[in-house]
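Enquirer: Here it is: the structure, laid out below.
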Amino acid sequence: MPLLWSRVTVAWHRRWKRTFKPMLDFMSTIAIFVKRLEIVTKSRAPTILDDADQMPEDIQQSLLRFLQGSENVEELVIRSEADPLAITDRFMSDLIANVLPSIVFPRLLICRLDVLRRIEMQDLSCPDLAEFIGQQTSIHTLSLSIPEGIVDALIRKGCIDVYHKAIDHLSALQELDTCLVLLLAASESLATRLEIAHIHSCHDIMSALSIHPRTFPGIRKLVLEKGNVAFSPANLLILDGMFTNVVEIHGLRLPQEFIATLIDVDQMDRQLDVLSVHFKKLRVLQMKLDGRPLEIYQAEEALKRFQRYFPTLRLVTLVGPKTSSASCTLRIVQVFPLNSDPSISPEQ
């Protein structure tokens, strides 16, 4: 029984309203066994407010009892699948405003929130969601998904400060994934405490640091998968200047126009010699490339020379394009420096 109910998804749809409460009442009886909990709205909310998606009071109470009994949850995912054009997601708004502020998960380690699609919903829900986040003091990984298009509006409305104060309470936090890079820049404690940071763009980072200039000596791993951060001397100098002890960089984009630079040894020397005094601790570099197989092969050959510029590198990974073409089957190329042992993991 414990293993069977260790992973649970609570999905809401207006058509399921009749059976939703009995389901929650049953879930309350097995709540103690839940380790991973996902709450998702399946309804496609219209572009106008619709009471059909509102959470009735009796369902709120049943959901509250279930969540209060889920004291062993270690991973929480809350996700809205409302239409991105919708003004709001009524069920999710009610969940954030009327249920979550009363909930504390004492063993929660991973929290992923993807609920705030529109500025109208952010404006209403920000204080309650921030209160919920601030109460989960055991979190070590927090993902707060917010469309980058509403970030400026959030700053004007003061939501950044609200989230900043909440996240500062998370003394165990080690990994932060959000496009709100001001949260990184504004918090001196996060600058030293975080070990993993997801960066969505160098431009946003530089803009944030122009307000709160600082370095991040605690960060060992940079994840750039969600951003569009290109491999270039300028961007690498920016990253190295801020993240002085970084050991791993993942998701750096290798532009096709830069491949010619890598293939030509003289051009590579001119472009990358300046980097030889930086990234003294870099051991893992993972880059993504959208190109033809020949270009990937050429890039692979060029990457074998990277040890000249990054002498501590132990693993370079090039992620190729996703394609259905039979002639483009290459996905991942691993390149090891000549004097390293491929059997040695980067962490060793």
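Enquirer: Against the definition (at pLDDT below 80 and farther than 25 Å from residue 154 by Cα), how does residue 82 come out, yes or no?
Expert: No: the conditions fail for residue 82.
Enquirer: Could you grab me the full set of residues in segment 154-187 that are modelled with pLDDT under 85, of a type outside the set (A, V, I, L, M, F, W, C) and either crowded, with 22+ Cβ neighbours inside 10 Å or closer than 30 Å to residue 253 by Cβ (or both)?
Expert: Once the filter is applied, which keeps residues that are modelled with pLDDT under 85, of a type outside the set (A, V, I, L, M, F, W, C) and either crowded, with 22+ Cβ neighbours inside 10 Å or closer than 30 Å to residue 253 by Cβ (or both), segment 154-187 yields 163, 164, 178, 187.
Enquirer: From the list 49, 24, which one is of a type outside the set (D, E, K, R), assigned to a helix (DSSP H, G or I) and either touching a helix residue (DSSP H, G or I) at 6+ places or on another chain (Cβ under 8 Å) or modelled with pLDDT under 90 (or both)?
Expert: After ruling out the rest, the residue left standing is 24.
Enquirer: Can you pull out the residues in segment 278-306 that are at pLDDT 75 or above and assigned to a helix (DSSP H, G or I)?
Expert: None - no residue of segment 278-306 is at pLDDT 75 or above and assigned to a helix (DSSP H, G or I), so the list stays empty.
Rundown of residues vs (1) assigned to a helix (DSSP H, G or I); (2) of a type outside the set (Gly, Ala, Ser); (3) under 18 Å from residue 97 (Cβ atoms), yes/no style:
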| position | (1), (2), (3) |
| --- | --- |
| 131 | yes, yes, yes |
| 134 | yes, no, yes |
| 139 | no, yes, no |
| 143 | no, no, no |
| 151 | yes, yes, no |
| 155 | yes, yes, no |
| 162 | yes, yes, yes |
| 165 | yes, yes, no |
| 170 | no, yes, no |
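The values are calculated or read from the model by the stated rules, or taken from the named source; none is laboratory data. These numbers were taken from a predicted model, which means no experiment stands behind them. Positions of Cβ are generated from backbone atoms using ideal geometry, with glycine treated the same way; all protein chains shown enter the neighbour counts.
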